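Participant: Once you've had a glance at the structure underneath, I'll fire off some questions.
The values are calculated or read from the model by the stated rules, or taken from the named source; none is laboratory data. If you're wondering where the values come from, they're calculated on a predicted model, not measured in any experiment. Cβ atoms come from the backbone with ideal geometry, glycine included; neighbour counts cover every protein chain shown. Heavy atoms of the whole protein, side chains included, go into the accessibility calculation; ligands, DNA and RNA do not. Shrake-Rupley method; radii C 1.70, N 1.55, O 1.52, S 1.80 Å.
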Amino acid sequence: ADGQFVAADWLKVIFNPSFPYRLVHMVLAAYLTTSLVVGAVGAWHLLRDQHLAGARVMFSMAMWMAALVAPIQIVAGDQHGLNTLEHQPVKVMAMEGHFQSHPNGAPLILFGIPDQDEAKVKYAIEIPKASSLILKHSLDAPLKGLDTVPRENWPKVGLVFWSFRTMVGIGFLMLGVGLFSLYARWRGILYESRWLHRYALAMGPAGFIAVLAGWVTTEAGRQPFTVYGLLRTVDSASPLDAPAVATSLLAFIVAYFIVFGMGVFYILRLMHEPPHHGEEGPRADAPARAAGITPAQAAHAGQG
């Protein structure tokens, strides 16, 4: 009534119907991203010296994580997609590239060039009725398309279409490296297979790319709404002048570039240095600490 959109219950906002699906999907993505980085570092050192004990442990643990979590992530992603179809159907229409409705089963468009002006996917490579099978678990299930939605409520279909395929494609590459590692482990060549090590090394940054692609799919797919179906983005933008926005954005860019640039440089240096032969591991008779000497240990040393 006052021209403002106010949340009446923040708990309902936070614990919305998609919350459990997003939480599980993101936590699994974080585990996979970490395991791929660790696996890539281990693979890098094994390519140079396959007898390094520390690199072997690192690589083995990372490959176990990829092999176990990647299939679970695919199932979780499928359930998240079904939840999105229920609550944000237009986003799924854009992800699938369905400009037209399909009353007798919708195809799964693998690749193509979405043309939003002409409302069609050009040069589409598709599997007949497979989209209905995935989303409705029936080959002949009808699926609505963007032709049932006013054009002013369409997201940028090309962006959502390709960001989604980037995320899914990397997900299957993660599954591939996990399965490859299981095969190599079964054959007893986990630490000798240079093809596996190259594959794992190439997959090092893949988790970050997949997370960013998923974020783009989620955020671009809900446009033009800030609150889906209720508050449009154009109506929720802050009334700030362009110079003020540009100044703050530039400050963030400079600060993050310095902080993350130094952090990435330091981490890459750590990754480049291999575990040394005979390197002492953590002591079993003392608690691990980040730095310095804890007071309790100092007191114990004084008594000695």
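Participant: In segment 133-147, which residue that is part of a helix (DSSP H, G or I) and open to solvent by less than 40 Å² (accessible area, probe 1.4 Å) is modelled with the highest pLDDT?
Facilitator: Looking only at segment 133-147, we keep the residues that are part of a helix (DSSP H, G or I), and these are 133-136, 146-147.
Restricting the remaining residues to those that are open to solvent by less than 40 Å² (accessible area, probe 1.4 Å) gives 135, 146.
Working: LEU135: 90, LEU146: 93.
Looking at residues that are part of a helix (DSSP H, G or I) and open to solvent by less than 40 Å² (accessible area, probe 1.4 Å), I get LEU146.
Participant: If you check ALA286, ALA220, ALA251, ALA291, which single one turns out to be at pLDDT 90 or above, not in a strand (DSSP E or B) and not assigned by the TED database to the domain that holds TYR31? Working first, answer last.
Facilitator: Working: ALA286 fails: at pLDDT 90 or above; ALA220 fails: not assigned by the TED database to the domain that holds TYR31; ALA291 fails: at pLDDT 90 or above.
Sole residue among the options that is at pLDDT 90 or above, not in a strand (DSSP E or B) and not assigned by the TED database to the domain that holds TYR31: ALA251.
Participant: Considering every residue within segment 112-119, establish whether at least one is at positive phi and out of contact with any Phe, Trp or Tyr (no Cβ under 6 Å at 6 or more places or on another chain).
Facilitator: Applying the first criterion (at positive phi) to segment 112-119 yields 112, 119.
With the extra rule that they be out of contact with any Phe, Trp or Tyr (no Cβ under 6 Å at 6 or more places or on another chain), the set shrinks to none.
Checked segment 112-119: no residue is at positive phi and out of contact with any Phe, Trp or Tyr (no Cβ under 6 Å at 6 or more places or on another chain).
Participant: Do we find that VAL177 is open to solvent by less than 20 Å² (accessible area, probe 1.4 Å), more than 20 Å from LEU68 (Cα to Cα) and not small (Gly, Ala, Ser) in this structure? Spell out how you get there, then give the answer.
Facilitator: Working: open to solvent by less than 20 Å² (accessible area, probe 1.4 Å): yes; more than 20 Å from LEU68 (Cα to Cα): no; not small (Gly, Ala, Ser): yes.
Considered against the rule, which asks whether it is open to solvent by less than 20 Å² (accessible area, probe 1.4 Å), more than 20 Å from LEU68 (Cα to Cα) and not small (Gly, Ala, Ser), VAL177 comes out as no.
Participant: Tell me the residue from ALA130, ALA94 that is modelled with pLDDT of 90 or more, assigned by the TED database to the domain that holds TRP215, touching a helix residue (DSSP H, G or I) at 6+ places or on another chain (Cβ under 6 Å) and buried (at least 16 other Cβ atoms within 10 Å of the Cβ), please.
Facilitator: Numbers: ALA130 fails: touching a helix residue (DSSP H, G or I) at 6+ places or on another chain (Cβ under 6 Å).
Just a single option satisfies the conditions, and that option is ALA94.
Participant: When you scan segment 204-217, do you find a residue that is in contact (Cβ under 8 Å) with a residue 24 or more places away in the chain, polar (S, T, N, Q) and closer than 30 Å to ILE74 by Cα, even just one?
Facilitator: yes
Condition check ((1) open to solvent by 80 Å² or more (accessible area, probe 1.4 Å); (2) over 30 Å from TRP44 (Cβ atoms)) across all residues:
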residue: VAL149; (1), (2): no, yes
residue: ALA206; (1), (2): no, no
residue: THR218; (1), (2): no, yes
residue: VAL227; (1), (2): no, yes
residue: ALA237; (1), (2): no, yes
residue: PRO243; (1), (2): yes, yes
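Participant: Assigned to a loop (DSSP other than H, G, I, E, B) and closer than 24 Å to TRP215 by Cα: does that describe ALA29? Show your work before the answer.
Facilitator: Working: assigned to a loop (DSSP other than H, G, I, E, B): no; closer than 24 Å to TRP215 by Cα: yes.
Against the criterion (assigned to a loop (DSSP other than H, G, I, E, B) and closer than 24 Å to TRP215 by Cα), ALA29 does not qualify.
Participant: Also, I was wondering about something else. Which residue pairs have Cβ atoms closer than 7 Å, lie 6 or more positions apart in sequence or on different chains, and pair a first residue in segment 119-130 that is over 20 Å from VAL149 (Cβ atoms) with a second residue that is in a strand (DSSP E or B) and open to solvent by 60 Å² or more (accessible area, probe 1.4 Å)?
Facilitator: LYS122/ILE113; TYR123/ILE113; ILE125/LEU110; ILE125/PHE111; GLU126/LEU110; ILE127/LEU110
Participant: When you look at ALA244, is it part of a helix (DSSP H, G or I), modelled with pLDDT under 90 and either hydrophobic (A, V, I, L, M, F, W, C) or farther than 18 Å from LYS91 by Cβ (or both), yes or no? Step through it out loud before you land on a result.
Facilitator: Values: part of a helix (DSSP H, G or I): yes; modelled with pLDDT under 90: yes; either hydrophobic (A, V, I, L, M, F, W, C) or farther than 18 Å from LYS91 by Cβ (or both): yes.
Spelling it out, ALA244 is indeed part of a helix (DSSP H, G or I), modelled with pLDDT under 90 and either hydrophobic (A, V, I, L, M, F, W, C) or farther than 18 Å from LYS91 by Cβ (or both).
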